[in-house]
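The values are calculated or read from the model by the stated rules, or taken from the named source; none is laboratory data. Being a predicted model, the structure only gives us computed values, none of them experimental. Using ideal geometry, Cβ is built from the backbone for each residue, glycine included, and neighbour counts are taken over all protein chains shown. Note: areas computed on protein heavy atoms with side chains; ligands, DNA, RNA excluded. Shrake-Rupley method; radii C 1.70, N 1.55, O 1.52, S 1.80 Å.
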Amino acid sequence: MPALKAGSRPPWVGLAAAVWVQIASGNAYTFPLYSHALKSVLGLSQQQLTILGVANDFGENVGILPGIASNKYPPWVVLLIGVFASFFGYGAIWLAVSETVHNVPYWVLWIALAVATNSSAWLGTAVLVTNMRNFPLSRGTVAGILKGYVGLSAAVVTEVYTMVLKGSASSLLLFLTLGIPFICLALMYYIRACTPSEADPSENAHFLFTQLASVVLAVFLLTTTILKDVVHLSNTISYTFIGIMVVLLLAPLAIPIKMTLFPNKKLTRPGSSTVLNDPLLTLTPSNSDMNLEKINDGEDISEVDALLAVGEGAVRIKKKRRPRRGEDFTFREAIVKADFWLLWLVYFFGVGSGVTVLNNLAQIGVSLGFNDTTTLLSLFSFCNFLGRLGGGVVSEYFVRWKTIPRTFLMMITQVIMVITYLLYASALKGTLYIATALLGICYGNPIGALLFSGMLAGYVFDTEEAKQGGSTCMGPNCFRLTFLVLAGVCCISTILSLILTIRIRPVYQMLYAGGSFRLPQSAGH
């Protein structure tokens, strides 16, 4: 697809469209809304349910193929694969929960859920990669905005679930089956490569407006969800709230509309020099020996190499030698490095444990006397949004301030998660909401889901349920041992994060010390 004219509005139209696709791509976070129906209608044990939760997380996080596809095919192809995955995956789950088809084999449900949630990887990768390429000078900001909307996706769906679908799990699954494909097909045309202008003095203001709009949306969703639990809302009020939510989701579209009505004629011509509107960054000519000639001559070069080239003398690339820290590694080269496995273990022990709680959030709430878990999920979504939006800002501050690696923030989150799990284990009055909020802020990729969720949480719950002799487990003992184990593994993850931070800090000192940066003249898109 040919690139669009530089300095035109399409990049901002594409960003506004990406917001809706990101809301759709967060479909994996909705598992707690229909997990109870899966368990009751299909007669599953808690361990069987948590293993289905593993399928949910497995599908969401297998992003290797979408990443490869994004480098070879246009965005609409990647989006279309996500559309088919969502339609067929959630369609199969809906057929089972609605009892349209009886006696669906368990393994079919597992594969269907993995395929359904894998749509989030395809949809998210398509819009994230495309928009980061469309805004090459603001990649971090764009990534933070779009990841923030993913964090809000559960709250958006919860709003629809409670106020329009009236808490019907079957209707929710049908909504996911048809709604996600509809949104993506309708917006597919606008998710495409553009050639943005190299300098726009109003760009920072536009991004700030988008961020403020997302914050207003987050506060609105949390407020209305809590209000729904406190007072009875009529259908008219409920639909009014949904209308306001839609308007807030459309807010980023105000930017290209404003650019149409009030065009800025003072934009820098393409090809002219550019300075980032950031007082911390000063773009100066680089004296690095790195192979910048490839960039200047317009030759093909990977995006990783281009990003590494911005460090003032940070990296030397020579032929026929093994890469060093801070350089581009192939997969085979990475897996033999201690840093790779330290990072993997941090995710496995620490960040991966968060998904165990999310997969079992409905049952955790019920066991502690909270039958309506929509408020918990909305709270989680709100805090997940704050964590995603603020995590990049905080880590960037540490990097610019004292060249402290971003893994330091991971270590901090592990400490917070230890506190979170101890709060869950205490089961004291009022701590459930506090713990869920902290979990949302720290939540990340669920690599450890199979071990902690499938083999630990489900087994402990079923064992305690058998002791009680009831149809469901009630009381803090249903998950207390699980939370204590999770707290322990997060302690291990904290130590590993500290070791990794110490090992890689010299790389950050090379890349960021001095604050002198150079942008490649060709984005290579």
* To do: Among the residues of the range 142-156, write down those that are more than 18 Å from A437 (Cα to Cα) and β-branched (V, I, T).
  => V142, I145
* Applying the selection to the range 93-117, what residues are in a helix (DSSP H, G or I) and open to solvent by 30 Å² or more (accessible area, probe 1.4 Å)? -> W94, L95, Y106, W107, V108, W110, I111, V115
* Asked: Going by the conditions given, is V157 within 30 Å of F209 (Cβ to Cβ), β-branched (V, I, T) and modelled with pLDDT of 90 or more?
  -> yes
* To do: Find the residue count for the range 148-180, including only residues that are touching a residue at least 40 places away in the same chain (Cβ under 8 Å), surrounded by fewer than 23 Cβ atoms within 10 Å (Cβ to Cβ) and farther than 19 Å from F31 by Cβ.
  => 2
* Structure fact -> Reported set for the range 3-58 where residues are in contact with a Leu (Cβ under 7 Å, 6 or more places away or on another chain), in a helix (DSSP H, G or I) and modelled with pLDDT under 85 is P10, V54, N56
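One residue is enough: does the range 206-217 have a residue meeting the conditions β-branched (V, I, T) and crowded, with 19+ Cβ neighbours inside 10 Å?
Of the residues in the range 206-217, the ones β-branched (V, I, T) are 210, 215-216.
Add one more test, that the residue is crowded, with 19+ Cβ neighbours inside 10 Å, and what stays is 210.
Scanning the range 206-217, I find at least one residue that is β-branched (V, I, T) and crowded, with 19+ Cβ neighbours inside 10 Å, so the answer is yes.
Quick test for you: out of S120, S138, pick the one residue that is within 24 Å of G167 (Cα to Cα) and not in a loop (DSSP other than H, G, I, E, B). First the steps, then the outcome.
Values: S138 fails: within 24 Å of G167 (Cα to Cα).
Exactly one of S120, S138 is within 24 Å of G167 (Cα to Cα) and not in a loop (DSSP other than H, G, I, E, B), namely S120.
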* Asked: Filtering the range 53-64 down to residues that are touching a residue at least 12 places away in the same chain (Cβ under 8 Å) and open to solvent by 60 Å² or more (accessible area, probe 1.4 Å), which residue is farthest from the chain's Cα centre (by Cα)?
  -> F58
